[in-house]
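Visitor: Structure in structure tokens, see below.
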Amino acid sequence: MAGSSMSMFRLRAVTGSRYLRRFLHGGAANRDHVLEQLGVCSGEDQVLEVVGKNKAKLTVNHVSCAVGMLWHFQKEKPQMLRTVEFIKSHPEFLTLRVLAENKIELMDDVMLVDMLYNVLRLNVEPYDSLAQQLVSEAWRRLYRFPMPSLSKFAVCLSDQHLQHSPPMGQITDILDQKLASIDDARILTTLMVSVSSLVSPHLRDKLINKADHLLDTMDPSHYNNPRRMVQFLRNIKYSYRPLLEKCNHILLRNVPHLNAENISIIMGLYQSMQFNNCDFRLAAKQRLMELVDSSADPFSFTKLFVALGPMAGEDTKERLESTALLLAEDLNAQQALAVAETLEEIQCRNLNLIQKIASVVHKNLHVYKPMEMARITQALILLHYQSPELFTKLRNILVQFLLDSVYPYEVTMLTRVLSMLPSPRLDEGVISRVEAVLPQCNLNDLNTFAMAVAKWVRNDPSYRHSTPSKYVRLLQTLNRCGHERLRKADRLDLVLEELKYMSGEWFEEMLLEETMVTLQRLEDQISWTNVPEMALFLTRTNHLCTPLMDRIASVAMENINKIHYSATYATLLPFAVLNYDPPRVDELFEIGIQRVIPHISSFDPHLLVLLAYALAVADCFPEDLVREIFNVNFLAKLDSQLETLPDALNKRIRLRLMELNRAVCLECPESQVPWFHERYCLQLQKKGNGSISPVQQQIHKMLGEVLGGINCARVALLTTYFYTVDFECVLDRHHQAVAYSEQSQLQISEDGKVRWGSDSVGKDRSEVPPGAQRVAVDFLDSKSFCKNSRHMKGEAMMRKRHLEILGYHVVQIPHFEWNSMELSTQDAWKEYLRKKIFTGLS
């Protein structure tokens with residue numbers, strides 16, 4: 001009796017699966033004994049046993065049900081307990097595959113797509129005849145599929161890397177036609193991700209509007225729907241903030257129920273979109289900390305380590321590294337890769353752990369695909385792992401992958417990583433392969449190749465005599481391809497996407513001017529959707545292009561309410577940084593500030609600090625913004641957020657907060673914001689190298705001659721609020737230099753090091769004689785000016801304002817004046833300094 005009850009329980013449990021619900025119906029006269037036998041199976045082995053006993057009786061329904069049950073049992077198991085390889089190699093599974101291929105025409109539409117989906121999940125290769133026949137038949141029936149089957153077929157095509165195939169194009173067309181009828185968020189988001197590489201701007205906007213609507217009507221606990229929407233935005237490289245933030249709101253509510261794998265996926269998507277949402281990061285960190293004790297197997301620990309490691313404090317990092325050390329030998333190839341990349345990201349220096357992970361990698365070299373091999377090599381290089389034997393193997397494998405590859409993105413990545421490895425000479429085959437793909441590459445890939453070639457040239461032994469012809473030829477091809485791509489460009493958004501991460505000497509010297517010509521040619525395409533990206537590019541390149549800046553200002557002022565409030569920072573940034581004042585600059589900043597103020601509490605803390613600093617550079621100090629930032633609760637939240645951010649970004653935000661604090665204290669004393677960065681600045685001072693350049697030493701010597709003695713000019717003086725003035729002198733009421741005492745003089749050693757005295761933070765400012773004037777002399781190098789002109793940037797102007805508030809007469813010496821042909825003699829330099837210092841004194 002007990003056995004009978006157990007069988008009935010199994011039947012009820014498994015028939016919950018739609019694979020059996022579709023077939024178990026009808027009365028006693030229609031009983032299907034094979035389906036009943038399948039219905040009492042509790043595992044894969046029993047399903048396969050039923051198949052083996054009933055080979056001659058198996059109908060298309062039986063085959064479909066058996067394959068569906070095999071995958072159903074697998075997906076119910078944790079990843080580490082799945083037995084897909086056991087099933088795939090089982091003789092009865094081969095029987096099912098043969099029968100399925102013979103019965104394809106008998107399958108209805110839903111069964112056909114389900115069969116394809118299930119066999120792919122069971123690791124049947126895309127080139128297998130069953131998979132190919134199923135795809136062909138599904139393509140033939142495509143336009144009659146119900147939407148759930150259409151979305152599932154789209155997933156199958158993506159799994160087989162057929163995102164650009166004709167059937168995927170037809171699916172995109174069907175989606176466009178039937179979009180209004182889709183009311184299931186899961187179906188819509190699955191299709192959105194699958195067709196993302198084929199979506200036009202018009203369809204993109206329609207999909208985003210539909211997704212936005214369905215988010216309001218769906219069950220918020222179904223977090224995979226907003227996750228797929230974020231994935232769609234990432235795939236199409238379109239950071240549409242309203243939808244992104246709505247998705248984030250739903251994902252944030254679900255954080256307490258997410259596992260480490262889901263959090264890792266979401267954070268990876270956010271990172272690739274540069275979306276550092278404070279609330280999500282803090283909630284994710286808390287949830288991951290809760291999962292630490294239960295993540296003791298290789299699969300769950302790897303997911304946890306990837307997500308938590310970069311956000312963890314030192315104690316937690318040490319604990320995670322200890323666990324990684326214990327589990328290292330049990331990691332598979334992909335897990336070792338994930339751990340290695342995370343170790344590099346957190347700048348791990350645990351040599352024992354790095355050695356263990358490298359050992360796992362070494363054993364699995366035959367497993368890695370080209371991009372994985374490039375990633376693991378890069379991680380080991382950046383971890384400073386020392387093993388000539390392993391790196392020689394890695395190099396040989398990378399070269400072979402590169403020679404065999406037909407994908408430009410692969411050749412680019414492999415070339416970049418190869419250039420990081422020490423090599424006495426470069427294979428001609430590699431150069432030929434690179435040359436072959438250059439015409440197919442985008443601007444960013446071309447820039448990557450240029451940086452790789454520059455490294456090869458420097459490392460080539462013959463470089464000391466001349467640049468080898470093989471590199472000259474390669475650089476000429478790079479230059480030609482870059483210029484041709486820019487001249488043929490006709491879509492601004494695509495150009496901006498390719499320029500997003502461009503930097504380096506090759507780009508600045510060979511392509512920047514042509515890039516500006518192209519952007520001006522396409523300036524009619526500047527709209528409220530791409531204004532922030534255009535503004536960021538101009539800021540990053542330090543290139544003052546007034547026609548483009550004027551166009552940005554015009555579009556921003558006309559469309560400020562369409563631009564997302566968080567993008568106001570990027571939009572205003574070049575006007576502050578490059579110190580450009582278009583005719584209506586005050587109006588531009590005013591409407592930008594008015595766009596921000598109503599949403600001030602919705603900003604991520606770090607972004608609000610960056611915005612306020614940019615405004616301070618432009619001499620704007622909105623009262624609401626100052627009050628919001630210099631508030632105990634805000635600063636506490638900022639501290640919590642900074643703990644979760646990458647180290648470089650953390651340091652940058654802390655520096656900007658200090659500079660903002662200094663600017664507010666100096667320029668807005670009425671706000672009564674205290675100066676609370678004294679200790680921070682002292683720590684920065686201790687970390688500094690305290691040296692001055694040869695040019696500054698030359699100026700110091702000249703100043704001594706102009707002022708009447710070397711003891712009339714102090715070097716590298718730290719003022720109140722910790723500005724470092726290159727040189728300070730004091731002139732009495734008769735404009736005669738006042739000598740400093742021996743104790744207050746800062747001495748310069750032969751190597752340019754400055755010996756700091758007790759007076760280095762301006763402690764004797766009260767000792768200036770009555771009527772005397774302090775003079776600050778600053779040498780301005782190229783960083784203080786826009787790249788393409790002698791136009792001074794905003795930070796140099798702000799520094800001048802602040803020093804004047806501190807009581808200085810400020811003398812600025814631009815590098816292009818000091819190094820000009822006119823100042824080629826000692827007398828000319830001294831006369832130049834004399835005029836600079838004494839002209840304009842009261």
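The values are calculated or read from the model by the stated rules, or taken from the named source; none is laboratory data. Worth saying up front: this structure is predicted, and the values here are computed from it rather than measured. Here the Cβ positions follow ideal geometry from the backbone for every residue, glycine too, while neighbour counts run over all protein chains shown. Just the protein is used for accessible areas: all its heavy atoms, side chains included, with ligands, DNA and RNA removed. Shrake-Rupley method; radii C 1.70, N 1.55, O 1.52, S 1.80 Å.
Visitor: Note down all Cβ pairs under 8 Å where the first residue falls in segment 481-497 and is among the basic types (K, R), the second is outside any helix (DSSP H, G or I) and open to solvent by less than 90 Å² (accessible area, probe 1.4 Å), and they're at least six residues apart or on different chains.
Guide: R485/N442; R491/L522
Visitor: Just wondering, is there one or more residues in segment 777-798 that are exposed (fewer than 13 other Cβ atoms within 10 Å of the Cβ), part of a loop (DSSP other than H, G, I, E, B), touching a residue at least 12 places away in the same chain (Cβ under 8 Å) and touching a strand residue (DSSP E or B) at 6+ places or on another chain (Cβ under 8 Å)?
Guide: Within segment 777-798, one or more residues are exposed (fewer than 13 other Cβ atoms within 10 Å of the Cβ), part of a loop (DSSP other than H, G, I, E, B), touching a residue at least 12 places away in the same chain (Cβ under 8 Å) and touching a strand residue (DSSP E or B) at 6+ places or on another chain (Cβ under 8 Å).
Visitor: Which ones in segment 174-189 are assigned to a helix (DSSP H, G or I) and either over 32 Å from the mean Cα position of the chain (by Cα) or not acidic (D, E) (or both)?
Guide: So the first thing to find is which residues in segment 174-189 are assigned to a helix (DSSP H, G or I), and the list is 174-181, 185-189.
Answer for segment 174-189, where residues must be assigned to a helix (DSSP H, G or I) and either over 32 Å from the mean Cα position of the chain (by Cα) or not acidic (D, E) (or both): I174, L175, Q177, K178, L179, A180, S181, A185, R186, I187, L188, T189.
Visitor: Of the residues that make up segment 276-287, is at least one in a helix (DSSP H, G or I), small (G, A, S) and open to solvent by 10 Å² or more (accessible area, probe 1.4 Å)? Outline the logic, then answer.
Guide: Residues of segment 276-287 that are in a helix (DSSP H, G or I), as a first pass: 278-287.
In the following step, the residues that additionally are small (G, A, S) were identified as 283-284.
Subsequent filtering for residues that are open to solvent by 10 Å² or more (accessible area, probe 1.4 Å) retains 283.
Looking for residues that are in a helix (DSSP H, G or I), small (G, A, S) and open to solvent by 10 Å² or more (accessible area, probe 1.4 Å), one finds at least one in segment 276-287, hence yes.
Visitor: In segment 697-726, how many residues are in contact (Cβ under 8 Å) with a residue 60 or more places away in the chain, more than 39 Å from the chain's Cα centre (by Cα) and outside any helix (DSSP H, G or I)?
Guide: Qualifying residue count, segment 697-726: 1.
Visitor: Quick check on this structure: which one of L70, L106 is out of contact with any His (no Cβ under 7 Å at 6 or more places or on another chain), open to solvent by less than 10 Å² (accessible area, probe 1.4 Å) and in the same structural domain as L188 (by the TED database)?
Guide: Values: L106 fails: open to solvent by less than 10 Å² (accessible area, probe 1.4 Å).
One residue alone meets the criteria, L70.
Visitor: Please report, ordered by residue number, the helices (runs of 4 or more DSSP H) entirely within segment 500-579 with at least 3 residues that are under 29 Å from H606 (Cα atoms). Before the answer, list the steps.
Guide: Details: elements: 512-521, 531-541, 546-559, 568-577.
Here the list reads 531-541, 546-559, 568-577.
Visitor: Modelled with pLDDT under 95, surrounded by 15 or more Cβ atoms within 10 Å (Cβ to Cβ), touching a helix residue (DSSP H, G or I) at 6+ places or on another chain (Cβ under 8 Å) and assigned to a helix (DSSP H, G or I): which single residue out of S264, S239 fits that description?
Guide: Values: S239 fails: assigned to a helix (DSSP H, G or I).
On inspection, the qualifying residue turns out to be S264.
Visitor: Ok, one more. Given the condition open to solvent by 60 Å² or more (accessible area, probe 1.4 Å) and in a loop (DSSP other than H, G, I, E, B), answer yes or no: does some residue in segment 377-386 qualify? Before you say what the answer is, go through the steps one by one.
Guide: First, pick out the residues of segment 377-386 that are open to solvent by 60 Å² or more (accessible area, probe 1.4 Å): 382, 384, 386.
Cutting the leftovers down to in a loop (DSSP other than H, G, I, E, B) gives us 384, 386.
There is at least one residue in segment 377-386 that is open to solvent by 60 Å² or more (accessible area, probe 1.4 Å) and in a loop (DSSP other than H, G, I, E, B).
Visitor: For segment 498-511, which residues satisfy the criterion of being within 14 Å of F537 (Cβ to Cβ) and without any contact (Cβ under 8 Å) to a residue 60 or more places away in the chain? Spell out how you get there, then give the answer.
Guide: The first filter runs over segment 498-511 and keeps only residues within 14 Å of F537 (Cβ to Cβ), leaving 498-503, 507-508, 511.
If the condition is that a residue be within 14 Å of F537 (Cβ to Cβ) and without any contact (Cβ under 8 Å) to a residue 60 or more places away in the chain, then E498, L499, K500, Y501, M502, S503 are the ones that fit.
Visitor: Before we move on, is N118 polar (S, T, N, Q), in the same structural domain as E44 (by the TED database), closer than 30 Å to F86 by Cβ and open to solvent by 20 Å² or more (accessible area, probe 1.4 Å)? Quick ask: steps written out before the conclusion?
Guide: Values: polar (S, T, N, Q): yes; in the same structural domain as E44 (by the TED database): yes; closer than 30 Å to F86 by Cβ: yes; open to solvent by 20 Å² or more (accessible area, probe 1.4 Å): no.
So N118 does not fit the description; no.
Visitor: OK, next. Check segment 449-458 and report whether any residue there is over 15 Å from I431 (Cβ atoms) and within 27 Å of the chain's Cα centre (by Cα). Show your work before the answer.
Guide: First, the residues of segment 449-458 that are over 15 Å from I431 (Cβ atoms): 451, 458.
Right, trim to within 27 Å of the chain's Cα centre (by Cα) and you get 451.
Yes: segment 449-458 contains one or more residues that are over 15 Å from I431 (Cβ atoms) and within 27 Å of the chain's Cα centre (by Cα).
Visitor: Hey, among P422, P439, which residue is open to solvent by 30 Å² or more (accessible area, probe 1.4 Å) and not in a helix (DSSP H, G or I)? Please lay out each step first, then the result.
Guide: Working: P439 fails: not in a helix (DSSP H, G or I).
None of the others qualify; the one that does is P422.
Visitor: Further, regarding this structure: Answer yes if at least one residue in segment 396-405 is without any contact (Cβ under 8 Å) to a residue 24 or more places away in the chain, of a type in the set (G, A, S) and at negative phi, and no otherwise.
Guide: Looking for residues that are without any contact (Cβ under 8 Å) to a residue 24 or more places away in the chain, of a type in the set (G, A, S) and at negative phi, one finds none in segment 396-405, hence no.
Visitor: Only one residue in T541, T518, T568, T529 is open to solvent by 40 Å² or more (accessible area, probe 1.4 Å) and of a type in the set (V, I, T). Which one?
Guide: Details: T541 fails: open to solvent by 40 Å² or more (accessible area, probe 1.4 Å); T518 fails: open to solvent by 40 Å² or more (accessible area, probe 1.4 Å); T568 fails: open to solvent by 40 Å² or more (accessible area, probe 1.4 Å).
Only one candidate qualifies: T529.
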